[in-house]
Amino acid sequence: MEGSLYNGPFKRKWLKMKVVVIGAGQVGQSIAQALQEDHDVVVIERDKHQLELLSEYDVMAIEGNGASLRVLEEAGARGAHLVIACTNIDEVNIVACAGSKQLGAAFTIARVHDTEYIETWERGRLGVDFMVCSELLTSELMAQLIGVPAAREIHTFAEGRILMAELLIDKGSSWASRPIKELELPAASMIVSLIRGGRVIIPGGEDEVQDGDLMVSIGTPEAVAQLNRRASGQAPPQNIVIIGGGRIGYRLALTLERQGLRPKIIEADPQRSRWLAEHLTRSQVFQSSGVDLEFLESERIGECEAGACVMDKDEKNLLSALLLKSLGVKKVIAGVANTHYIKVFERVGVDVAVSARKVIAEEIIRFTKSRGAGISILEGERAEVLETTVSPKSPLIGVPLKQAPLPKGAIVGGVVRRKQVIIPRGDDALLAGDRVIIFSTKEVAPEIERML
Amino acid sequence: MKLVVDLPSSFHLIAVLLQWIGLAFLLPLVVALLYGEPPWPWVLSLGVTSVLGMLLGLLTRHSEEIGLREAFLVVAVGWLAVAAVGSLPYLSLNALSPVGAFFESMSGFTTTGATVLEGIESQPRSLLFWRALSQWLGGMGIIVLAIAILPRLAVGGRQLLEAEVPGLEVERLTPHIRETARALWKVYAGLSAAEILLLLSTGVSFYEAVTHTFTTLSTGGFGTRSESLQTFSALTQWVVIIFMLLGGINFALLYRGFKSRLRFGSLLAHDEEFRFYVAVFASMTILLAFVLLLGSRSATTLEETLRQSAFQVASLMTTTGYANADFNDWDSTAKLLLLALMFLGGSAGSTSGSIKLVRTLLIFKLMGREIRRILHPQAVIPIRLGSRVISEEALSGIMIFAILYVTIFALGSILLMLDVERVGGIQGQPLAVLDAVSAVAATLGNVGPGFGVVGPMASYAPLPDTSKMLLTLLMWIGRLEIFPVIVLLTRSYWRG
């Protein structure tokens, strides 16, 4: 998972909004950093020390309790376009959203840890327009990365009905050194680009896929899984080990259990491991540290096809991830708090490093875009994927895609039309109201946005 | 040092209990009048009990607060007191000696069904009715009954209830403990009415239908004939099998089932203890049927073999203690199988006694866990019952219960053998080991009959009085599931 969220697309001029952020923790800071240039951002924080950290950003900082109406009013929640409550306390976030809504805020986002609040929210809105849970998002992303062994990055679109995956083509792949037109692609999938040595290539049919390429492909989740199998020869793993039974580890185990798997989960704390064993019905829980070599060997952890290291310290995750790799685990994912470590982790041999902070900030920042567009950034901002709705004025409407005036470097990867997912071919045409997922290189991205 | 148990208020509750239980004598009084039997023993018993209750009530004082210590005392002594006044009719009718009367009464209220009464058919009908009624009253638990009826126990009742049904948490069906007790009694009374009607429809007389219903659902086992159920029709026996099995199911489960008629099947299917109960009953019935077919003494038809097998398995597993065949004549393999059944018991929250299946099931799971831990020393494996995780404290309580149970069984067997040897055997014959252990297992587990001299068609009468006292004690300990009795024997219970 490479690339930074905090520059790039947000430098462009969007509608200027009044944004109130409650909580200046890691997530709050990331959001403030991302939005400061284009929007009026006010941050509410209780803790003086945290508040001081904000001085490096161009935002207004207010000391106080974000769940208090008086403080919210002072921060201007009354006329705010967007209120983002991302303190560490779920209840404060929900109350802050409800209070802002009462004052007349247009859109509220609450971050929660406890997924039960999401279930409650789905029934009674509680004054929250959108609720995000970083543990849930991160664990779902990790589960997807585990389920597609060759994937080094996965982005989700259209509520999970379309995936975009970067699949690593390595030496063992039968697809290496073969021209793209010869590859047997599943029907509901397409290859939109190749990433070779950090460069984004829009390949033609004659171009060969090379060993070490990242093949960027779009398709339904089933098609991507099939594509993975054909390209890498690797089946989805059955034996999975999770090191660290914190909130993400627990959620990940739960997600894997729902897929019918029985992951092993290793947690050092006796009380927490007992709690895990009581709450996970199919997983096997072990009380041990992730770096106890004797234990890992006696339980044959090296025979697992995939592993996720999600303890609370980056260094521990790195150590145990490398240990798992050396024991023979084929694909190892590590959780990382410090986003600067992402590249370091992947350089020293961790297959994928995932930052929960980045995942949630990305999810929240999606909502700052006009027309509900979502953007995912690939490969150090050299390309992006835009998810948006086709406006009735777009010049692309009604023209078969192969004749459409799309600039080179832009590919329509998926269309959701009346709840149906279409992976379009050259003869297909867009209609007004279609939700489209478009891949484009950095150069042509602004042009594409104008056309839609 | 100062006593920390509030004796006056504990005994006040027992006094109230006695006053109410005295009213139960009104029913056999009616029976006596109907059949032209002398009514005065019942008037006397009623009078004595009421006076005792009132005197005790005057000597003690009522307290709103009932603590944990008091609850244990009330339950343990309450059962002794109720058994004591329950023996008055046997004494006033001159049917039994004081020791025998107390044995018979304790056997009644604890739903054991072991008898020292001989020549059953010649006994007054009102007395046999009282014997059956005492089992019906004791079956659901006299404390449960008291909570359902007595307004004063509405608040402190929970602790009393947990003292009477220890080991496992009492399921609260409703927010009020009193309504829970009433709900349980409603199920109990409803099933009783159903059994009476079904027995009548199979041609049993009204008197026998009522008395046998009283002792089937309570898993008691007292009958009105010395051959137990042997002389009843096959159809009647099948009805009794079904109701013995119903008596061995958790009444809270039955209540929830009746409440939600549509989900009855799925409710039962999702209850792990119930599934285990059905599985044990079915497999033991088939096993015993094979043993009977292979053995020298087989029944005439396959239906009879199956019926005998199912009947004995249901009877001994639910700790009823009826017999539809003299299993004393069966071979040793069959007898050992029956002895093993006496240790099982029905579900928790049923009227049955003994160790109870849920404990057996959890102990099996514990064994499985230990084996898995040998291979995976660092695995964390909680024990679940259905989807519920059982706490480690509860599990160790269950293991300790099982160990105590077996220890008391072993000690009791040795003491019984010694005592019989002391008086020079029974009619000059030494007591066989199997007979001795069966007598102890049958009384401690509230089953009733054992083998040999204490077989299903015989009685405990030939045993010396000291042995009867020992077995009476075992019935009491068994019914209260050991802990309330053991607790009373500790120093820390009496002193802070």
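Residues to consider are A:I154, A:I169, A:I109, A:I146; find the one that is of a type in the set (A, V, I, L, M), touching a Cys at 6+ places or on another chain (Cβ under 9 Å) and on the phi < 0 side of the Ramachandran plot.
A:I109
When the range B:251-289 is examined, which residues are found to be of a type in the set (S, T, N, Q) and either at pLDDT 90 or above or buried (at least 21 other Cβ atoms within 10 Å of the Cβ) (or both)?
Taking the range B:251-289 as the starting set, the residues that turn out to be of a type in the set (S, T, N, Q) are B:260, B:266, B:283, B:285.
Within the range B:251-289, B:S283, B:T285 meet the criteria.
Which of the residues spanning the range B:373-405 are surrounded by 13 or more Cβ atoms within 10 Å (Cβ to Cβ) and either away from every other protein chain (no Cβ under 11 Å) or in a helix (DSSP H, G or I) (or both)?
B:R373, B:L385, B:A394, B:L395, B:G397, B:I398, B:M399, B:I400, B:F401, B:A402, B:L404, B:Y405
Each row is one residue, and each column tells you yes or no for (1) in a helix (DSSP H, G or I); (2) under 25 Å from the mean Cα position of the chain (by Cα).
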| position | (1), (2) |
| --- | --- |
| A:L256 | yes, yes |
| A:G260 | no, yes |
| A:I266 | no, yes |
| A:R274 | yes, no |
| A:E278 | yes, no |
| A:E294 | yes, no |
| A:G302 | yes, no |
| A:G307 | no, yes |
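Would you mind telling me which numbered condition in (1) touching a residue at least 24 places away in the same chain (Cβ under 8 Å); (2) loosely packed, with under 13 Cβ neighbours inside 10 Å B:T49 fails?
Single failed check for B:T49: (2).
Please state which one of B:V240, B:V204 is hydrophobic (A, V, I, L, M, F, W, C) and either closer than 18 Å to B:Q308 by Cα or not in a loop (DSSP other than H, G, I, E, B) (or both).
Working: B:V204 fails: either closer than 18 Å to B:Q308 by Cα or not in a loop (DSSP other than H, G, I, E, B) (or both).
Criteria check complete, one pass: B:V240.
One line per residue, one yes/no per condition, for (1) closer than 30 Å to B:A181 by Cα; (2) more than 19 Å from the chain's Cα centre (by Cα); (3) not aromatic (F, W, Y):
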position: B:L246; (1), (2), (3): yes, no, yes
position: B:R256; (1), (2), (3): yes, yes, yes
position: B:R263; (1), (2), (3): yes, yes, yes
position: B:A279; (1), (2), (3): yes, yes, yes
position: B:E303; (1), (2), (3): no, yes, yes
position: B:A310; (1), (2), (3): no, yes, yes
position: B:A340; (1), (2), (3): no, no, yes
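I'd like to check something: does the range B:325-335 contain any residue that is within 20 Å of the chain's Cα centre (by Cα) and of a type outside the set (D, E)? Can you show your working first?
Narrowing the range B:325-335 to residues within 20 Å of the chain's Cα centre (by Cα): none.
No, there is no match, as no residue in the range B:325-335 is within 20 Å of the chain's Cα centre (by Cα) and of a type outside the set (D, E).
Any residue at all in the range A:261-271 that is acidic (D, E), at the interface with another protein chain (Cβ under 10 Å from one of its Cβ atoms) and touching a residue at least 12 places away in the same chain (Cβ under 8 Å)?
Start the filter on the range A:261-271 by keeping residues that are acidic (D, E), which leaves A:267, A:269.
With the extra rule that they be at the interface with another protein chain (Cβ under 10 Å from one of its Cβ atoms), the set shrinks to A:267.
Retained after the next criterion (residues that are touching a residue at least 12 places away in the same chain (Cβ under 8 Å)): A:267.
Checked against the condition, which is being acidic (D, E), at the interface with another protein chain (Cβ under 10 Å from one of its Cβ atoms) and touching a residue at least 12 places away in the same chain (Cβ under 8 Å), the range A:261-271 yields at least one hit.
Being in a loop (DSSP other than H, G, I, E, B), surrounded by 23 or more Cβ atoms within 10 Å (Cβ to Cβ) and in contact with a strand residue (DSSP E or B) (Cβ under 6 Å, 6 or more places away or on another chain) narrows it down to one residue among A:A24, A:A32; which is it?
Values: A:A32 fails: in a loop (DSSP other than H, G, I, E, B).
Being in a loop (DSSP other than H, G, I, E, B), surrounded by 23 or more Cβ atoms within 10 Å (Cβ to Cβ) and in contact with a strand residue (DSSP E or B) (Cβ under 6 Å, 6 or more places away or on another chain) holds for just one of A:A24, A:A32, which is A:A24.
On the basis of being touching a residue at least 24 places away in the same chain (Cβ under 8 Å), among the charged types (D, E, K, R) and farther than 20 Å from A:S355 by Cβ, does A:D90 make the cut?
On the way: touching a residue at least 24 places away in the same chain (Cβ under 8 Å): yes; among the charged types (D, E, K, R): yes; farther than 20 Å from A:S355 by Cβ: yes.
Here the answer is yes, as A:D90 does meet what is asked.
Kindly provide the set of residues from the range B:79-98 that are free of Cβ contacts under 8 Å to residues at least 12 places away in the same chain and surrounded by 23 or more Cβ atoms within 10 Å (Cβ to Cβ), ordered by number. Spell out how you get there, then give the answer.
Our first condition is that a residue be free of Cβ contacts under 8 Å to residues at least 12 places away in the same chain; within the range B:79-98, this holds for B:91, B:94, B:98.
If the condition is that a residue be free of Cβ contacts under 8 Å to residues at least 12 places away in the same chain and surrounded by 23 or more Cβ atoms within 10 Å (Cβ to Cβ), then no residue fits.
What is the one condition in (1) touching a helix residue (DSSP H, G or I) at 6+ places or on another chain (Cβ under 7 Å); (2) farther than 24 Å from A:R111 by Cα; (3) part of a helix (DSSP H, G or I) that A:A321 does not satisfy?
It fails just one condition, (1).
Tell me whether the range A:239-251 contains one or more residues that are within 10 Å of chain B (Cβ to nearest Cβ) and either among the acidic types (D, E) or in contact with a strand residue (DSSP E or B) (Cβ under 7 Å, 6 or more places away or on another chain) (or both). Walk me through how you get there before you give the answer.
Step one: list which residues in the range A:239-251 are within 10 Å of chain B (Cβ to nearest Cβ), which gives A:245.
Checking which are either among the acidic types (D, E) or in contact with a strand residue (DSSP E or B) (Cβ under 7 Å, 6 or more places away or on another chain) (or both) leaves us with A:245.
Scanning the range A:239-251, I find at least one residue that is within 10 Å of chain B (Cβ to nearest Cβ) and either among the acidic types (D, E) or in contact with a strand residue (DSSP E or B) (Cβ under 7 Å, 6 or more places away or on another chain) (or both), so the answer is yes.
Mind listing just one residue for me: the one in the range A:35-44 that is under 11 Å from A:Y57 (Cα atoms) and not aliphatic (A, V, I, L, M) and, of those, surrounded by the fewest Cβ atoms within 10 Å (Cβ to Cβ)?
Ranking the candidates gives A:E37 first.
Of the numbered conditions (1) of a type in the set (D, E, K, R); (2) within 19 Å of A:I201 (Cα to Cα); (3) in contact with a strand residue (DSSP E or B) (Cβ under 8 Å, 6 or more places away or on another chain), A:D170 satisfies every one except a single condition; which is it?
Unmet for A:D170, out of (1) of a type in the set (D, E, K, R); (2) within 19 Å of A:I201 (Cα to Cα); (3) in contact with a strand residue (DSSP E or B) (Cβ under 8 Å, 6 or more places away or on another chain): (3).
Could you look through the range A:421-433, keep only residues that are in contact (Cβ under 8 Å) with a residue 12 or more places away in the chain and under 23 Å from the mean Cα position of the chain (by Cα), and pick out the one that is surrounded by the fewest Cβ atoms within 10 Å (Cβ to Cβ)? Explain how you work it out, then say what you get.
As a first pass, look at the range A:421-433 and keep what is in contact (Cβ under 8 Å) with a residue 12 or more places away in the chain: A:421, A:423-433.
Next, only the ones that are under 23 Å from the mean Cα position of the chain (by Cα) stay: A:421, A:423.
Details: A:V421: 19, A:I423: 21.
Checking each candidate, the answer is A:V421.
How many of the residues in the range A:163-184 are within 27 Å of the chain's Cα centre (by Cα) and either surrounded by fewer than 17 Cβ atoms within 10 Å (Cβ to Cβ) or assigned to a loop (DSSP other than H, G, I, E, B) (or both)? Spell out how you get there, then give the answer.
Initially, the range A:163-184 is screened for residues within 27 Å of the chain's Cα centre (by Cα), giving A:163-170, A:173.
Then drop every residue that is not either surrounded by fewer than 17 Cβ atoms within 10 Å (Cβ to Cβ) or assigned to a loop (DSSP other than H, G, I, E, B) (or both), which leaves A:169-170, A:173.
Counting residues in the range A:163-184 that are within 27 Å of the chain's Cα centre (by Cα) and either surrounded by fewer than 17 Cβ atoms within 10 Å (Cβ to Cβ) or assigned to a loop (DSSP other than H, G, I, E, B) (or both) gives 3.
Across the range B:276-289, what is the number of residues that are under 15 Å from B:F364 (Cα atoms) and either in contact with a helix residue (DSSP H, G or I) (Cβ under 9 Å, 6 or more places away or on another chain) or of a type in the set (S, T, N, Q) (or both)?
The first filter runs over the range B:276-289 and keeps only residues under 15 Å from B:F364 (Cα atoms), leaving B:276-277, B:279-280.
Retained after the next criterion (residues that are either in contact with a helix residue (DSSP H, G or I) (Cβ under 9 Å, 6 or more places away or on another chain) or of a type in the set (S, T, N, Q) (or both)): B:276-277, B:280.
Residues that pass the stated criteria total 3.
For the range A:185-229, give me each residue that is under 29 Å from A:R347 (Cβ atoms), assigned to a helix (DSSP H, G or I) and either free of Cβ contacts under 8 Å to residues at least 12 places away in the same chain or not hydrophobic (A, V, I, L, M, F, W, C) (or both).
A:N228, A:R229
Could you tell me which residue of the range A:272-300 is nearest to A:A235 (Cα to Cα), considering only residues that are more than 11 Å from every other protein chain (Cβ to nearest Cβ) and out of contact with any helix residue (DSSP H, G or I) (no Cβ under 6 Å at 6 or more places or on another chain)? If you could, list the steps in order and put the result at the bottom.
To start, the set of residues in the range A:272-300 that are more than 11 Å from every other protein chain (Cβ to nearest Cβ) comprises A:282, A:290-291, A:293, A:297.
Then drop every residue that is not out of contact with any helix residue (DSSP H, G or I) (no Cβ under 6 Å at 6 or more places or on another chain), which leaves A:293, A:297.
Values: A:L293: 27, A:E297: 24 Å.
Selected residue: A:E297.
Being assigned to a loop (DSSP other than H, G, I, E, B), at pLDDT 90 or above and among the polar types (S, T, N, Q) narrows it down to one of B:T319, B:T351, so name that one.
Values: B:T351 fails: at pLDDT 90 or above.
The conditions single out B:T319.
Which of the residues belonging to the range B:353-372 are of a type outside the set (D, E, K, R) and either within 11 Å of chain A (Cβ to nearest Cβ) or touching a helix residue (DSSP H, G or I) at 6+ places or on another chain (Cβ under 7 Å) (or both)?
Start the filter on the range B:353-372 by keeping residues that are of a type outside the set (D, E, K, R), which leaves B:353-355, B:357-358, B:360-364, B:366-368, B:371.
Within the range B:353-372, B:G353, B:I355, B:L357, B:V358, B:L361, B:L362, B:I363, B:L366 qualify.
Which ones in the range B:348-366 are closer than 18 Å to B:V144 by Cα and in contact with a Ser or Thr (Cβ under 9 Å, 6 or more places away or on another chain)? Give the derivation first.
Let us first name the residues in the range B:348-366 that are closer than 18 Å to B:V144 by Cα, namely B:348-353.
Answer for the range B:348-366, where residues must be closer than 18 Å to B:V144 by Cα and in contact with a Ser or Thr (Cβ under 9 Å, 6 or more places away or on another chain): B:S350, B:T351, B:S352, B:G353.
When the range B:85-139 is examined, which residues are found to be among the polar types (S, T, N, Q), assigned to a helix (DSSP H, G or I) and more than 30 Å from B:L161 (Cβ to Cβ)?
First, the residues of the range B:85-139 that are among the polar types (S, T, N, Q): B:87, B:92, B:94, B:97, B:105, B:107, B:110-112, B:115, B:122-123, B:126, B:134-135.
Filter again for assigned to a helix (DSSP H, G or I), leaving B:92, B:105, B:107, B:122, B:126, B:134-135.
Residues satisfying the conditions are B:S92, B:S122, B:S126.
The values are calculated or read from the model by the stated rules, or taken from the named source; none is laboratory data. Since the model is a prediction, treat every value here as computed from it, not as a measurement. Because the Cβ atoms are built from the backbone with ideal geometry, glycine has one as well, and the counts that use them run over all protein chains shown.
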